[in-house]
Structures are given as structure tokens and as C-alpha cells.
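Structure below; questions to follow.
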Amino acid sequence: MLLKIFIKILESWGRYFRINFLGFCQDFGASGVFVLRTIFGLFGFRYLINQIYAVGVLSLIIIAVSGLFIGFVLGLQGFYTLSRFGADQFLGQLLALSITRELGPVVTALLFAGRAGSALTSEIGLMKTTEQLSSMSMMGVDPLRRVIAPRFWAGVISMPLLTLIFSAVAILGGYFVTVHWLGVNAGSFWSNMQASVNFRDDVLNGLIKSLVFGFVVTWISVYQGYTCHPTSQGIAIATTKTVVYSSLAILGLDFFLTALMFGK
Amino acid sequence: MKSELNAEDPVVVLKDVVFSRGEKLIFKGINLSIQPGKITAIMGPSGTGKTTLLQLMGGLLTPSSGEVKVLGNTVADLSRGDLFSLRQRMGLLFQSGALFTDMTVFENVAFALREHTQLPESMIRDIVLMKLQAVGLRGARNLYPSELSGGMARRVALARAVALDPEILMYDEPFTGQDPISMGVLIKLIKTLNQAMGLTSIIVSHDVHEVCSIADDVFILSDGLIIAHGTPEEILKDPDPKTRQFMLGEPDGPVAFDYPAPDLYFDFDLKDKT
């Protein structure tokens, strides 16, 4: 009796291991092959421009508005704390460093996953469900090259540019709140910022982060769409997975990248 | 992709093809060969895997065991690039049409030409309009797929499938959802295309009368096996009860209409069978 229960438990563990862990390994390997094929797939320049418009340009508004408000809030909170110590002239430094190093890349990537990543997944998923991808490959055109690759590269290219825009808008937002509303001296705001921000250490590292995030988020998005179960529920699950996996990957990778770049 | 065929060799050969989807065995060993220049029909009840058979021929699926040879090439052995160039020589008309929804009818038909040829735009325009004229939709060139009826979408898909003048054309249920007029036109079209372009046509369908009116060769598929093969006349005279039931559309016979289910008495909670 006890042995039977023991075997049952062992069996269910085995099944759990097989489905979850081995399934994950298999998925991960398949997505690796997938992204390699995508990276080296040649495609027309025109398709890339179309996709940069769809994933990049159309994400501009949400990125800019979010950046502005994050700048506002950071300015307010920073002023509240720093002014207690009479250090409010260092607000420029606080804003610029926190935004270029962390908030810019991370928040842009999270917003990008929600706005563009989910759209990519559901678009590709629906193309799969309606057999458009199959009909394309039956015409001798590789969908990885014609559909996936331009979207993938558009994401990788758009993300650093969006991050730059986000950071610039957020710093401007912080500037308006702190200088024009709370009365911080404009000269000390900008000069402290200039003195403390290093292009290579801060701005460039932030851009490298955003490039990594762009790669990972777009990879997850197109892979989830390409491998989704071809039903309406399957698309819904794939879209959810895109946002969840992307967010987790962004936050996890951010820790490692920060440790690599800024850790001692 | 080197091997070429002689004129009389079969263009598609399936040898002992076994295929299963998950736990379910769909094909238990299919053997068939498709002769060049003919219209071959593959018929069978719904759910016997007729569409799957076409996907195996097109290399969209790989058999669990056995061999699929198309135009002399073993599909499973081809590299990715060779498989895509082989597919340029065959066309598949999907049941749903599978048109690209973000392109107009014109762009859909022009798609393969633009991808695979370096033809000037003016020539592409002429070819596309000729193909659309053949299916009677030259006037619909600027419509989007969402503005087409199901039957029209299928005809656009047909124009798109023949855009590159393939050697093999596969039709997946071309007659479902067509009104009597377009049905008549379509039947004539398939026949004409086959003769005029020297195509080999493979039709997967369960519309017995329409198919028998144009097919040269018929295979009947049931329970994962080919149960009959011959000209339409031979098939109609086939004494095998399964074939007879299918060809004559009889409700009772060896092929069950009902999906396997528990006993009626059990499902409706009846106490005894009296």
C-alpha cells in the first residue's frame, strides 16, 4: 500500500518533470533555432521600414506620455526627499542617473512589451490560425524570412530609439516640475547633471540594456505568435505569455546587466 | 534537389506512409502514385485526413514513417531551401483560401511573382490580370479579402496558386461553399487549367458527383488506408461495401455516421433496455 502511494508520487513527479522541465528545454532549444534562422534571414528593406513604423512609431505616444509623467513624479519625490537635506540642487543628477541607467530602459521595455509585443504575437498568431503562414510557405516563400525577420529586426532597432526618447522626455518632465514649479535653480539643475552623467558609463550602458531588452522582448513576441495553438484561445494564451514572459525577462535581465555594468 | 523525372513517371509517390497526430493514428500505411497530366481525386468521409495528405505532399508535415516523393524528390530529405524551391513548382489551394488579409486581391496574386521573379511591374500587372480574368475577378482587383465572399476568396486563391504556373496543383475541398454557377465555372476551370497548362491536378473532396465528372483517377480513403483506386466508372461499380456506401451516400453501412459514443441507455440514464 505504502509502496503503491510512493510509486504514484514518483510517477506524478516524473510526469511533472517531463512536461515542465523537459518541455521547457525543448521549447528553449526550438526558439533558439528559430531566432538564428530569423537573424540570418534576408528580406527587403521596405518591409523593415513598414514594421519599424508599426512597432516603433506607433508606440511613440505611449512612450512619450509615460516618460513625461515618470519625470514629473520623480521630480516631485526627489524634491521632497532632497530638500529636507537642502540638497535640491542635486535633483538634476538624481533624475538623469536614475532615468538613463534604469527607468528609461526598463519602463520603455515593459511598455513596449505591452504595446508592440502583444500586437506582434496576436498578428502572427492570427496569420497562423488563418493559414496565411502555411499558404506563404506553400508558395515557396519562407515566413521566417518574409514575416518574422522584418518584425524581429524592427523591434531590436526601435527599442533603443524609444528608450532615448523616453529618457529625454522624462528628464524634461522632471525639469519642468522641479525648476518651474518647485523653484529649484535651473543652473544647478543642468550643471550638476552635466557634471555627473558620463556618456559611456550611463547613457551607453542604458542603451546596451535597451538593445538586450529589445532583442529578448521581440524574440519572445514573434516566437509565441509563430508557435501558438491555432485557435482563438491559443492566440489569447500566447499574447498573455508574451507580456508575462517579457516582463519577467526584462526585470530579471536588468538585475544581471546592472550587476555586470555597475556592480563592484 | 537534383533528381528530374521522365515524362511518364508519377509526379507524386507515397510509399507506406504512416502519420499520427498525438496519440491518434491518422494514416496506417498509405500507398499511392499520381500520374502526370491527369486529374486525380482523393475522396473519403470527413475526418479521414484528406487535408493532412495534401500537407504531407507539400512538406508542411513530415510522415512518422514511410516516404513521400514529389517530382522525384524525397520531401523529408530536402534542406529547407530546397523544400522552398520545390514548392515553387507546386500550388496548394487552401480550403479557406488563406489570402493575405493585409493585401488587396491584386497584391495577393502578385505576391509569388514579386518574391520569386525579377519581372518588371508592367509584366507582373499583365500576368496578374490574366490570372484574375481566368477566375472572373479582374474587376475585384482592388478589394481586400475581407470584402470578398467565401466563394470569391477561393477563386482569388486559385488565381494566386497558378500565378507561378506550377507543375502540380492541389485543391483542398474546392467545391464546398460554391453556388451552382461558380461551381460549374470552377469545374470547367479546373479541367481547362489541367489541359491548357499541362498541370497535374490533385483534388481532395467529398463531392462525389462533381469530382467524378472531371477526375481521371480516383482514390478512396477510409480509416487511414486507401480502400479503392480506379477510374470514376470503376469506383462507382466497386462492390466493396465501404466504397459503395460512400459513393452512393447511404446512411447505413460499414462506415459509421455516429462518432463513437457510450451506450444511449447509459447517457440518458435509462434503467433497462425494455
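The values are calculated or read from the model by the stated rules, or taken from the named source; none is laboratory data. Note that this is a predicted model, so its numbers are computed, not measured. So basically every Cβ, Gly included, is an ideal-geometry build from the backbone, and we count neighbours across all protein chains shown.
Only one of (1) among the hydroxyl-bearing types (Ser, Thr, Tyr); (2) farther than 15 Å from A:GLY140 by Cα; (3) within 14 Å of another protein chain (Cβ to nearest Cβ) is not met by B:SER85, so which one is it?
For B:SER85, the failing item is (2).
Answer yes or no as to whether B:GLU147 is crowded, with 18+ Cβ neighbours inside 10 Å and farther than 19 Å from B:ALA196 by Cβ.
No: the conditions fail for B:GLU147.
Right, next: Looking for whichever is at pLDDT below 90 and in contact with a Lys or Arg (Cβ under 6 Å, 6 or more places away or on another chain) here; the options are B:VAL109, B:VAL135. Which one fits?
After applying the criteria, what remains is B:VAL135.
I've got another one for you. Which one of these is without any contact (Cβ under 8 Å) to a residue 24 or more places away in the chain, over 15 Å from B:ALA161 (Cβ atoms), within 14 Å of chain A (Cβ to nearest Cβ) and touching a strand residue (DSSP E or B) at 6+ places or on another chain (Cβ under 7 Å): B:VAL70, B:VAL75?
Just a single option satisfies the conditions, and that option is B:VAL75.
Sticking with this one: Go through the stretch B:216-274 and give me each residue that's of a type in the set (Val, Ile, Thr), without any contact (Cβ under 8 Å) to a residue 40 or more places away in the chain and closer than 27 Å to B:SER20 by Cβ.
Across the stretch B:216-274, the qualifying residues are B:ILE227, B:THR243.
Then there is this: Here is a list of conditions, (1) aliphatic (A, V, I, L, M); (2) farther than 26 Å from A:CYS228 by Cα; (3) modelled with pLDDT under 90, and A:VAL35 meets all of them except one; can you say which number that is?
Every condition holds for A:VAL35 apart from (2).
Residue-wise test of (1) hydrophobic (A, V, I, L, M, F, W, C); (2) modelled with pLDDT of 85 or more.
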{"position": "B:PRO166", "(1), (2)": "no, yes"}
{"position": "B:LYS188", "(1), (2)": "no, yes"}
{"position": "B:ASN194", "(1), (2)": "no, yes"}
{"position": "B:LEU199", "(1), (2)": "yes, yes"}
{"position": "B:SER213", "(1), (2)": "no, yes"}
{"position": "B:VAL218", "(1), (2)": "yes, yes"}
{"position": "B:GLY230", "(1), (2)": "no, yes"}
{"position": "B:MET247", "(1), (2)": "yes, no"}
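Another question about this same structure. Report, ordered by the first and then the second residue, all pairs with beta carbons closer than 6 Å, sequence separation of six or more or different chains, a first member in the stretch B:87-111 that is among the polar types (S, T, N, Q), and a second member that is buried (at least 23 other Cβ atoms within 10 Å of the Cβ).
Cβ pairs passing all conditions: B:GLN95/B:ASP172; B:ASN108/B:LEU99; B:ASN108/B:ARG160.
If a residue has to be more than 17 Å from B:LYS15 (Cα to Cα) and either small (Gly, Ala, Ser) or at pLDDT below 85 (or both) to count, how many in the stretch B:70-93 make the cut?
Counting residues in the stretch B:70-93 that are more than 17 Å from B:LYS15 (Cα to Cα) and either small (Gly, Ala, Ser) or at pLDDT below 85 (or both) gives 4.
Right, A:TYR53: free of Cβ contacts under 8 Å to residues at least 12 places away in the same chain, part of a helix (DSSP H, G or I), closer than 22 Å to A:SER118 by Cα and not small (Gly, Ala, Ser) or not?
Yes.
Between B:SER33, B:SER122, B:SER46, B:SER96, which is more than 9 Å from every other protein chain (Cβ to nearest Cβ) and part of a loop (DSSP other than H, G, I, E, B)?
One residue alone meets the criteria, B:SER46.
Residue-by-condition table, conditions (1) more than 30 Å from B:LEU61 (Cβ to Cβ); (2) away from chain B (no Cβ under 14 Å); (3) part of a helix (DSSP H, G or I):
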| residue | (1), (2), (3) |
| --- | --- |
| A:GLY125 | no, no, yes |
| A:LEU133 | no, no, yes |
| A:ARG146 | no, no, yes |
| A:GLY183 | yes, yes, no |
| A:TRP190 | yes, yes, yes |
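Hey, B:ASP9 hits all of (1) part of a loop (DSSP other than H, G, I, E, B); (2) over 26 Å from B:LEU113 (Cα atoms); (3) within 14 Å of chain A (Cβ to nearest Cβ) but one; which does it fall short on?
(3)
For the stretch A:84-104, indicate whether the set of residues that are within 14 Å of chain B (Cβ to nearest Cβ) and among the hydrophobic types (A, V, I, L, M, F, W, C) is non-empty.
No: the stretch A:84-104 contains no residue that is within 14 Å of chain B (Cβ to nearest Cβ) and among the hydrophobic types (A, V, I, L, M, F, W, C).
Scan the stretch B:68-78 residue by residue and report those that are assigned to a strand (DSSP E or B) and charged (D, E, K, R).
Once the filter is applied, which keeps residues that are assigned to a strand (DSSP E or B) and charged (D, E, K, R), the stretch B:68-78 yields only B:LYS69.
Return the total of residues in the stretch B:49-67 being within 14 Å of another protein chain (Cβ to nearest Cβ), part of a loop (DSSP other than H, G, I, E, B) and in contact (Cβ under 8 Å) with a residue 24 or more places away in the chain.
The number of residues fulfilling the criteria is 3.
For the stretch B:75-119, give me the residue count where each residue is more than 30 Å from B:PRO63 (Cα to Cα), of a type in the set (Val, Ile, Thr) and surrounded by 16 or more Cβ atoms within 10 Å (Cβ to Cβ).
Qualifying residue count, the stretch B:75-119: 3.
For the stretch A:114-147, which residues satisfy the criterion of being charged (D, E, K, R), farther than 21 Å from A:PHE45 by Cβ and touching a Phe, Trp or Tyr at 6+ places or on another chain (Cβ under 8 Å)?
Result: A:LYS128, A:GLU131.
Let me ask something else about it. Mind checking whether some residue in the stretch B:16-30 is of a type in the set (Phe, Trp, Tyr) and closer than 26 Å to B:ARG160 by Cα?
Looking through the stretch B:16-30, none of the residues is of a type in the set (Phe, Trp, Tyr) and closer than 26 Å to B:ARG160 by Cα.
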